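What follows draws every value from the coordinates through simple rules; no lab data is involved. Fair warning: this is a prediction, and the values are worked out from it, not measured in the lab. Don't worry about glycine lacking a Cβ; one is built from the backbone with ideal geometry, like all the others, and counts go over all protein chains shown.
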Number of protein chains: 2
Amino acid sequence: MPLQTLLLHFEEDQASAARIAQAAGMATACLERHRFPDGELKLRLPPALPRRVVLLRTLDHPNEKLVELLLVARTARQLGAQHLTLVAPYLAYMRQDIAFHPGEVISQRVVGSFLAGLFDAVITVDPHLHRVATLQEAVPVPHTVVLSGAPLLSDWIAAHVQAPLLVGPDEESAQWIAQAAARHNFDFAVCHKIRHGDRHVEVTLPDIKVAGRSVVLLDDVASSGHTLAEAARLLLAAGAASVDVAVTHALFADNAVQLIQTAGVGKVWSTDCIPHTTNAVSMAAAIADALLS
Amino acid sequence: MPLQTLLLHFEEDQASAARIAQAAGMATACLERHRFPDGELKLRLPPALPRRVVLLRTLDHPNEKLVELLLVARTARQLGAQHLTLVAPYLAYMRQDIAFHPGEVISQRVVGSFLAGLFDAVITVDPHLHRVATLQEAVPVPHTVVLSGAPLLSDWIAAHVQAPLLVGPDEESAQWIAQAAARHNFDFAVCHKIRHGDRHVEVTLPDIKVAGRSVVLLDDVASSGHTLAEAARLLLAAGAASVDVAVTHALFADNAVQLIQTAGVGKVWSTDCIPHTTNAVSMAAAIADALLS
């Protein structure tokens, strides 16, 4: 894909765009953005585009960014792009995949079909899919690539923690934790979680000896931090020697990092899918590979 | 349209929804909205919808709201709505109607076609159209209604200001000012404006005697307030007895009202197209008429 392919990005994504483009041998161009006092956006693309265009936009805090995608993708087509790839290391609105109560918006399907109307291909990392098996069911574009942060986080943990015990904060993380553990033959276990609200969760530790262990809590995404904080408290109370945290997506709302550190967590590591001070592992090479395949 | 028509609205629009629905003899239902810590929205509609549904959503600070429209409109169709009307008293993204520089996003066309993909009809008030003649060119839905705040603001001014002189802050307002003036046979004139940036404008007064006059600056929209402030300063320096302000759309970014009051403006009046402390005139009856027609 590299020849005649241009990677478009916004100014705040300059660094990760450069890493990906260098690894993929592509050119980059920064989108110009002006925000009017009334909240409207004025955007400008390079006036002439090659046939293949890649847009890099991670979709944490997604609503404003979805409008950017609409404006950029439609304009890119007018300016000559014939094949548009969205690289969204974090993909939004993947969690609401059924109506839990009648009348609820199934936002995964609505946003997925919105994106499918704009792009020909979507590349993402660890999308939070529950009840659908493939990303293509949620985002019905002709071509999807799902990468995982688990192998790179596993490598990072292997290099920084002696004989770690990987712990997943809830059942949903089980398969993912197993994959990360298998890569370096780590011990692993998974907590049981009951959610009572956005910021109120109940966690039960797995039936495994944690006393004296160097625990790493591993998950695909950390948002409010309440689950990780609760799990860390229980693990330390059960005698864990240390508890560190590694996540693919550092959503970390408000004071989430402070919250989990107050609970006794030592190090916090994340991939660069969402730019954050905890970023320790870059997905750039994996994304570049996906673009080249 | 009233029988079997349901007007959907968000909680913050309860008051204006009630006014419109009462005037149109419609039922209303409030959409449930929950915002997750990561910025995603969870929305819920009434589980069973009639064939005809109206969504009330004014589109100041539009980006988040455009995503709401996407989620609500697509779900409304799934829940049985066959004809969807958007009532957007303020319609966003109508100003960027050409690419001033190559590569610029023509957001009017993109957002217009996005809305046309969601709705069958659009009702709005004084959309800020420059180079397109009709709303339907910008928002290609089968049915459009364009209302104006000018007659009601003119009536309000007639009831509150003795022998007013209506002044438009720029040439774009000329036709609109003439219409408001004609309704009560007010004197009127229009300033000349050169814009140097979002918050930097140069205004020249019209060649008309303002000394001793009760001036009302009238415009379709007030955003940063810099144009109105500059015009007010010049009018008062030229001897105007008073300068009040009347606008359809009270966008009023940041400290805009304070800015124009510091420039010597007395009263500030607006329609309720955008909820604001300056709202003096309700468009509810006019919107209800449009829904019934």
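Rank these for me by crowding, B:Phe186, A:Phe100, going from fewest to most other beta carbons within 10 Å.
By the 10 Å Cβ count, ascending, the order reads A:Phe100, B:Phe186.
At 222 nm, what value in deg cm²/dmol follows for chain A if DSSP H runs of at least 4 each add -39500 (n - 2.57) and the sum is divided by all its residues, to the nearest 500?
Calculated at 222 nm, the ellipticity per residue is -9500 deg cm²/dmol.
For chain A, set up a GNM with springs between Cα atoms under 10 Å and report which of A:Arg95, A:Arg44, A:Arg131 has the largest fluctuation.
A:Arg131
Simple spin-label model, 7 Å along Cα-to-Cβ: B:Arg199 to B:Asp254 in nm?
0.2 nm
With θ set to phi - 60°, apply the Karplus curve 6.51 cos²θ - 1.76 cosθ + 1.60 along the range B:199-208 and write out the HN-Hα couplings as whole Hz, x wherever there is a Gly or Pro.
10, 9, 10, 10, 10, 10, 5, x, 7, 8
Once you have all Cα-Cα distances for the protein assembly as shown, histogram them in 10 Å bins from zero and send the whole-percent values.
3, 16, 22, 21, 18, 12, 6, 2, 0
For A:Leu218, B:Leu129, what's the fewest-to-most ordering of other Cβ within 10 Å of each Cβ?
B:Leu129, A:Leu218
Can you work out the FRET efficiency for the pair A:Arg183 and A:Ala238, with r the C-beta to C-beta distance and R0 = 35 Å, to the nearest 0.05?
Step by step, r from the Cβ atoms, then E = 0.85.
Label A:Gln78 and A:Gln22 with points 7 Å out from Cα along Cα→Cβ: what is the distance between them in nm?
3.5 nm
Rounded to two decimals, what is the ratio between the C-alpha radius of gyration of the range A:213-255 and 2.2 N^0.38 Å?
1.15
In bins 5 Å wide, starting from 0, what share of all Cα pairs of chain B does each bin hold, as a percent?
Histogram of Cα-Cα distances, whole percents per bin: 1, 5, 12, 15, 17, 15, 12, 10, 7, 4, 2, 0, 0.
Fewest Cβ neighbours within 10 Å first, please rank A:His9, B:His128 accordingly.
B:His128, A:His9
Given Cα pairs under 8 Å that are at least 6 residues apart, what percent is the relative contact order of chain B?
14 percent
Using a Gaussian network model on chain B with a 10 Å cutoff between Cα atoms, which of B:Ala232, B:Ala15, B:Ala240 fluctuates the most?
Ranking B:Ala232, B:Ala15, B:Ala240 by mean-square fluctuation puts B:Ala15 first.
Figure the gain on full extension for B:Asn279 and B:His143 (residue separation times 0.36 nm, minus the Cα-Cα span) and round it to one decimal in nm.
Here the segment from B:Asn279 to B:His143 would lengthen by 46.1 nm.
Which of rounded, prolate or oblate describes the range B:85-203 when judged by the alpha-carbon gyration tensor and an a/c cut-off of 1.5?
Here the range B:85-203 falls in the oblate category.
Would you look at the GNM of chain A, springs on alpha carbons closer than 10 Å, and say which of A:Leu41, A:Leu235, A:Leu147 moves the most?
Ranking A:Leu41, A:Leu235, A:Leu147 by mean-square fluctuation puts A:Leu41 first.
I'd like the distance separating the alpha-carbon centroids of the range A:81-95 and the range B:146-209, in whole Å.
Spelled out, the Cα-based centre of one part sits 46 Å from the other.
Would you grab the residues whose amide H sits under 5 Å from the one on A:Val221? Only those 5+ places off in sequence or on another chain, please, with H modelled 1.01 Å from N.
Placed amide hydrogens put A:Thr248, A:His249 under 5 Å from A:Val221.
Report, by chain and number, residues whose modeled amide H sits under 5 Å from the one on B:Val87, excluding near sequence neighbours (fewer than 5 apart, same chain).
For B:Val87, the qualifying residues are B:Leu55, B:Leu56, B:Arg57, B:Ile123.
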